[in-house]
Amino acid sequence: MARYTKSLCRQCRREGLKLFLKGDRCFTEKCAFSRRPQIPGQHHDTQRRKLSEYGKQLREKQKVKRIYGVLERQFRKYFEEANRRQGETGENLLKLLEKRLDNTLHKAGFTQSRREARQLVNHGHVLVNGKRVDIASYQVKAGDKLTLDEKASNLNAVKNSLAIALKKRNVPTWIETNHESKTAVIKNDPARTDITLPVQEQLIVELYSK
């Protein structure tokens, strides 16, 4: 499976805002975007050029892809599925991305980033309703119970993330997390108001509708 292997901070610099791809590191002075917000490259522009309408739509799509760690082919499949469902296509798209297993683990507070959550899933440390699931794109649904296995529960990275989540991050209302037992229950589908990302999903719909 193809994956992005270059610097994550370059993605933030390209989009012109923090995408929080490295978790809480993005809140510290070590954040590369805070030191160098310019577009990456040897001959980057000192000022960002004004984008055309198409450019705005493209950048919005790229931003969402990078936030959730999804490549083009899979992202297009999400859009096609969102378009088939009833309701607003853009809102459906964001909900499908939010319900990815790796994103849900991150939102529940088990990891500091979606990238860390994907590693937990890929390495087989996550159980859904008692069954091991190693597919990061698995779609959770209302009533699902997510559990970390014993090995993952004892990882310092998980313990530190939960400690930070208790202090700083608010778990969304559609997830009920038990930090002591390292479990999370999906109460219902996320609402658009639960998705606080700086995203204009209508621009993505306009891009794919051409």
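Coordinate-derived values only; no laboratory data. As the structure is a computational prediction, the values presented were derived from the model and not from experiment. Note that each Cβ is placed from the backbone with ideal geometry, even for glycine, and that neighbours are counted across all protein chains shown.
Taking each of Lys99/Lys131; Lys56/Lys141; Lys61/Lys145; Lys61/Lys131; Lys61/Lys151 in turn, the alpha-carbon distance tops 29 angstrom for Lys56/Lys141; Lys61/Lys145; Lys61/Lys131; Lys61/Lys151. Summing +1 for each Lys or Arg and -1 for each Asp or Glu among the other residues whose beta-carbon sits under 12 angstrom from that of Lys187 gives -2. Cβ-to-Cβ counts within 10 Å put Arg114, Arg73, Arg192 in ascending order as Arg73, Arg192, Arg114, the fewest first.
All other residues whose Cβ lies under 10 angstrom from that of Thr173 are scored, Lys and Arg at +1 and Asp and Glu at -1, for a net of -1.
Take peptides 56-64, 83-91 and line them up by average Cβ neighbours within 10 Å, highest first, as a rough protection proxy. Don't skip to the end; give the middle numbers.
Numbers: 56-64: 19.1, 83-91: 13.9.
The densest-packed peptide leads the list: 56-64, 83-91.
Computed from Cα atoms alone, the Kirkwood hydrodynamic radius reported for the range 100-189 is 12.5 Å.
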